[in-house]
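Notes follow the structure.
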Amino acid sequence: MTKKIKNYLKSFWKYYILRKPKFYKIKKSEIKEYQKYFNEILKKIDIYNTTEWLQFQRGNFKKYDIDSKKIFEKLEEIKKNKKISSLYLQMMVDQYIFADVWIRERNKDSWVEIILKRKSDDFFPDPWSIYHNFYIHE
């Protein structure tokens, strides 16, 4: 790798770390639509089993596997809708799974608004950390 490319990558990484671009680009008019689909996904799955499996690898794996397929099917349906991003919705569900269980339940009906207003340290993970650790981490 040339020195020029290395320097570019270093400067890009510094920019990324310092700036951390906003993950979600959602209009206010779309929040209700995201919340509707988010609620539909949660109704289809056993969120507690999914949480137990993903966080602690306890729980019923077969049930988790079935629920994962249900989530995937719903996201495929949403992709066809094209009004909202299935990637964003997947990330919202992931953030919910890894959130503090008691607090997330209290905020379930306004989850989309909550995550859009996330503070630097909050009761649920940053979407970039989920993206890095679960989708691109090798």
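The values are calculated or read from the model by the stated rules, or taken from the named source; none is laboratory data. Computed from a prediction, not measured in an experiment: that's the story for all the values here. Reconstructed Cβ throughout: ideal geometry from the backbone, glycine too, with neighbour counts over all protein chains shown.
In segment 71-82, the qualifying residues are those that are surrounded by 14 or more Cβ atoms within 10 Å (Cβ to Cβ) and either over 16 Å from ILE45 (Cα atoms) or out of contact with any Asp or Glu (no Cβ under 8 Å at 6 or more places or on another chain) (or both), and the one that is modelled with the lowest pLDDT is ILE78. Residue check: TYR16 meets all listed conditions (1) under 17 Å from the mean Cα position of the chain (by Cα); (2) in a helix (DSSP H, G or I); (3) at pLDDT below 90; (4) closer than 23 Å to LYS119 by Cβ but one, namely (1).
Just checking, does segment 54-65 include any residue being polar (S, T, N, Q), touching a Phe, Trp or Tyr at 6+ places or on another chain (Cβ under 9 Å) and modelled with pLDDT of 90 or more? No, the conditions are met nowhere in segment 54-65. Pairs linking a residue in segment 57-78 that is at positive phi to a residue that is surrounded by 12 or more Cβ atoms within 10 Å (Cβ to Cβ), with Cβ atoms under 7 Å and 6 or more positions apart or on different chains, are GLY59/ASN49; GLY59/GLU52; GLY59/TRP53.
Against the test of being at pLDDT 80 or above and either among the β-branched types (Val, Ile, Thr) or out of contact with any helix residue (DSSP H, G or I) (no Cβ under 9 Å at 6 or more places or on another chain) (or both), the options ILE97, ILE136, ILE130 yield a single qualifying residue, ILE97. When SER29 is tested against (1) touching a Phe, Trp or Tyr at 6+ places or on another chain (Cβ under 6 Å); (2) within 16 Å of VAL112 (Cβ to Cβ), only condition (1) is not met. Pairs meeting the criteria (first residue in segment 111-127 and farther than 14 Å from PHE98 by Cα and of a type outside the set (D, E, K, R), second residue crowded, with 19+ Cβ neighbours inside 10 Å and modelled with pLDDT under 75, beta carbons under 9 Å, at least 6 apart or on different chains) are ILE114/PHE124.
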